[in-house]
Amino acid sequence: MTTAGATRPSYGEGRQALLDAAIRVVAASGLRGLTIRAVGAEAGVTHGLVRHHFGSREALIEETLKYSAQVSIAASSLDPEDGDIDGLAANLPAMAEQQGELQAFQFELLLEARRRPELLPHVRAIYDEYLEATADGLRRAGVDHDADLALLVMAALDGLVLQQVVFGQPERTERVIGRLHDVLRAVGGGGGRRPG
């Protein structure tokens, strides 16, 4: 955590700074380390500002989880704009490398939901968002799919992100995503084989 070097956010940036601070705190200390005071200290503000924006620790967790999913989906190109299957999740290795703390935050909450059932609806909601984005990406890439194939692809990508966050090796993630593209072409369409 960067508490010692934390700088106070500019006016209007407080909520965003608190969401980012919550991600850093959980990535460094786990969910048990997430307190209103710890987030305030990490963001360089008083804990009163955290309460002002979120009201409670539970609301902070819920909002940070929603925010983390939005940022992650946007950065991972699950839904390729050009409709090319090779664009599906093409940014995933870079996203996992650049957003390691954000991904660690999500995985921490996923595991914590096993112990704290009240977290399960929030974690399930972000996984539903990932599944929807994956299904949309497959559709846009011209891959014939059903709900099970979309879930399989999402689970594969989720596992690749987890492994990269833990072990590094973005080149391995990139290579495996290329193989996933080949498999998707073979089972569901999506255009010809990729070059090379």
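Bear in mind that the values in this text are calculations on the coordinates, not laboratory data. Remember, predicted model here, so these are calculated numbers, not experimental data. Positions of Cβ are backbone-derived with ideal geometry, glycine not excepted, and every protein chain shown enters the neighbour counts.
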Nearest 10 degrees is fine. How inclined is helix 147-167 to the longest principal axis of the chain, computing both from alpha carbons? 60
Name the residue, out of Glu112, Glu58, Glu42, whose mean-square fluctuation peaks in a Gaussian network model built on the chain with Cα pairs under 10 Å. Glu58
Give me the number: length gained by fully extending Arg37 to Phe167, i.e. 0.36 nm times residue separation minus the C-alpha to C-alpha distance, one decimal in nm. 43.7 nm
Taking Cα extents along the principal axes in Å straight from the coordinates, which label in (i) 63, 41, 30; (ii) 56, 32, 30; (iii) 53, 35, 34 is the correct one? (ii)
In degrees from 0 to 90, rounded to the nearest 10, what is the angle of the helix 120-140 Cα long axis to the longest principal axis of the chain? 30
Can you list the chymotrypsin sites (Phe, Trp or Tyr not before Pro) in segment 7-90 that are in a DSSP coil and have 14 or fewer other beta carbons within 10 angstrom? Tyr11
